[in-house]
1. Could you tell me which residue of the stretch 1-52 is surrounded by the fewest Cβ atoms within 10 Å (Cβ to Cβ), considering only residues that are under 21 Å from GLY115 (Cβ atoms) and among the aromatic types (Phe, Trp, Tyr)?
2. Could you grab me the full set of residues in the stretch 205-237 that are closer than 20 Å to HIS154 by Cβ and in contact with a Phe, Trp or Tyr (Cβ under 8 Å, 6 or more places away or on another chain)?
3. Report, by residue number, each residue of the stretch 177-199 that is in contact (Cβ under 8 Å) with a residue 40 or more places away in the chain, open to solvent by 60 Å² or more (accessible area, probe 1.4 Å) and over 30 Å from HIS346 (Cα atoms).
4. If I filter the stretch 70-104 down to residues being open to solvent by 20 Å² or more (accessible area, probe 1.4 Å) and small (Gly, Ala, Ser), which single residue comes out as farthest from SER25 (Cα to Cα)?
5. With (1) crowded, with 17+ Cβ neighbours inside 10 Å; (2) under 21 Å from SER167 (Cβ atoms) as the list, and ALA145 as the residue in question, which single condition is left unmet?
6. Only one of these is farther than 13 Å from ALA121 by Cβ, β-branched (Val, Ile, Thr), in contact (Cβ under 8 Å) with a residue 60 or more places away in the chain and buried (at least 24 other Cβ atoms within 10 Å of the Cβ): VAL213, VAL165. Name it.
7. Among all residue pairs at least 6 apart or on different chains, which show Cβ distances below 6 Å where the first residue, located in the stretch 362-376, is closer than 12 Å to GLU305 by Cβ and the second is not polar (S, T, N, Q)?
8. For residues that are open to solvent by 30 Å² or more (accessible area, probe 1.4 Å) and aliphatic (A, V, I, L, M), tally how many sit in the stretch 309-323.
Amino acid sequence: MDFVYSDEQQMLRDAAIRYGGDTWSVTARTSNLGTNEQWPRQRWAEMAEMGWLMLAVPEARGGLGGSPADVMALAEGLGRNLVASPFVTNAVLVPALLADAGEAGDEVLAAIMAGTAQAAAGLIEPDAGYNAASVATVATLADGAYRLTGAKAHVEDGGDADWFVVSARTGGSAADREGISLFLVARDAPGLTVERFRSVDQHRHARLALTDVPATLVAPLDQALPTIEAAVDRAICAHLAEAVGSMEAATDATLEYLRTRQQFGVPIGSFQVLQHRAVDMTVFCEEARSITYWATLSLDHPRLERRRAVSAAKVRVGQAGLHVTRDAVQLHGGIGVCEELLVSHHLRRQMMLEFTHGTSDMHIGLFEAANRALLGQAA
């Protein structure tokens with residue numbers, strides 16, 4: 001299995017790194033993200049101009065039809081400088097959810113690719129954990145139109161979304177795999193309440209309350225769960241690539257600090273115990289990169305093989321990212337927690353990515369279940 005980027009993918013990664021370095025410095029993050037709502041929108045439009053928002057959209061829908069490895073290269077580059085844009089949620093997850101949508105989906109995808117609108121996925125329900133099959137939001141059909149009633153507990157990057165792709169039940173009971181459908185809801189739809197909040201990594205999320213909200217069906221009726229699971233796995237792999245870029249940047253910054261910071265008249269990097277910790281950080285980064293490649297290249301495999309690979313990578317990259325960025329903060333000493341130093345921002349982003357689309361404990365269970373099923377098939 002080839003774990004090396006092609007020349008084009010390497011160029012895409014390098015372009016994202018340069019863009020992040022030029023426009024997403026730590027000073028820009030701290031001065032603009034919390035106070036200037038137009039600043040992220042401007043950055044979003046710039047990414048559209050570079051064609052990045054078209055990358056994961058199929059050619060038949062007007063996009064570039066990029067592969068998962070192409071998306072990985074771009075997401076890794078964005079992660080190096082913690083570009084706090086909704087790239088994964090808007091330009092990877094939503095296009096995958098709208099794979100079977102009609103004209104309404106085409107309109108939303110065109111706006112995303114042009115950088116004039118954003119869309120987010122409402123898939124997580126209160127008290128349901130991260131189980132995409134646990135859906136209590138109900139869709140009712142009256143006079144040829146659907147209306148939704150229910151709630152979504154966490155919509156990643158939904159704070160600025162103009163559209164929401166929402167799962168709702170059109171049949172079965174609350175935990176059935178059958179009977180789940182996908183709907184498109186406009187932000188200004190009557191009956192929709194959007195509660196915005198900001199997480200510790202400065203991303204802008206939302207909670208949704210839906211009361212008889214008009215919606216458009218955008219997936220096969222009652223059969224949307226396989227589409228949701230496949231789309232979420234693509235988003236997980238893109239987030240893993242972002243995490244790899246983030247932890248490698250934190251490691252590079254720490255190694256440079258160890259080379260230049262002096263104590264007792266010598267660089268602190270000459271102390272053997274700190275050298276061992278730096279080596280551990282580098283090893284964790286390489287492990288995370290390798291297993292992210294494996295998961296990304298498994299996205300088009302049969303469902304159980306994909307589930308095993310993606311969940312294994314989610315667990316290991318989550319562990320590695322937290323270990324690396326915590327050590328980065330500790331090895332910088334007191335300044336490691338300062339807002340003015342990017343390593344503290346890397347740690348916060350890794351903390352949020354650990355919980356995005358499921359915790360390590362949840363994915364350990366999913367990995368074990370998929371592995372048992374595969375072993376049963378082999379027997």
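The values are calculated or read from the model by the stated rules, or taken from the named source; none is laboratory data. Keep in mind that what you see is a predicted model, and the values were worked out from it rather than measured. We place every Cβ from the backbone using ideal geometry, glycine too, and count neighbours over all the protein chains shown. For the accessible areas, the whole protein counts, side chains as well, though only heavy atoms, and no ligand, DNA or RNA atoms are used. Shrake-Rupley method; radii C 1.70, N 1.55, O 1.52, S 1.80 Å.
1. Going through the qualifying residues, I end up with TRP39.
2. Selection gives HIS205, ALA206, ARG207, LEU208, ALA215.
3. Selection gives ARG177, GLU178.
4. Out of the qualifying residues, it is GLY102.
5. In the conditions (1) crowded, with 17+ Cβ neighbours inside 10 Å; (2) under 21 Å from SER167 (Cβ atoms), ALA145 misses (1) alone.
6. Working: VAL165 fails: farther than 13 Å from ALA121 by Cβ.
After applying the criteria, what remains is VAL213.
7. PHE367/ARG308; PHE367/ALA312; ALA370/LEU304; ALA370/ARG307; ALA370/ARG308; ASN371/ARG308; ALA373/LEU304; LEU374/LEU304
8. 0
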